[in-house]
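Every number in this text was worked out from the coordinates using simple rules, so none of it is lab data. As the structure is a computational prediction, the values presented were derived from the model and not from experiment. Note: ideal-geometry Cβ built from the backbone for every residue, glycine included; neighbour counts use all protein chains shown.
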Amino acid sequence: MTARRTYVLALALSLLVLVTIAYGALLGAPFGVAMSTGESMGEEQHVLNVWVQGEPEVGDVVMFEATDAGLSHDRGTHRVVDETDAGLITQGDANARTDQEMGAEPITDETLLGVVVYRIPLRDALVMAGLVLGPVAVVSELRNPSLPRPI
């Protein structure tokens, strides 16, 4: 396999994985990746949250659809602090009150996306992506220096 084909194949596979992960929820996959601002959970920057469908327990961080004006975004990423007959009670780690005390409805099976299994600051995720894709580009260039050069 030529260096150009290796490069194109690696790029295509990387894009396929990225699209599958990024749009997992839209495609009906039992997992997904979504970004949150991080402030209500105590972070000072945007955070990527990897979630999987599952049954959350008190203490788990969950990703959910925010169906009312109780939150400022269309999706929420908060910790489950209680479970009631009406649904899950959630609260950001940096918030003094629960989402439901601030007017949000309890999280139900219809609005729950899944349990967050991994959180990483967006900046770190971009660095990791560069560390993974960068060597592929460098090796490809070293193996075939005739590839077009950027201007």
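Below are the figures for this structure:
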read-out	value
Residue order, fewest to most beta carbons within 10 Å, for Met63, Met35	Met35, Met63
Theoretical FRET efficiency, 1/(1+(r/R0)^6), r = Cβ-Cβ of Val117 and Leu11, R0 30 Å, to 0.05	0.65
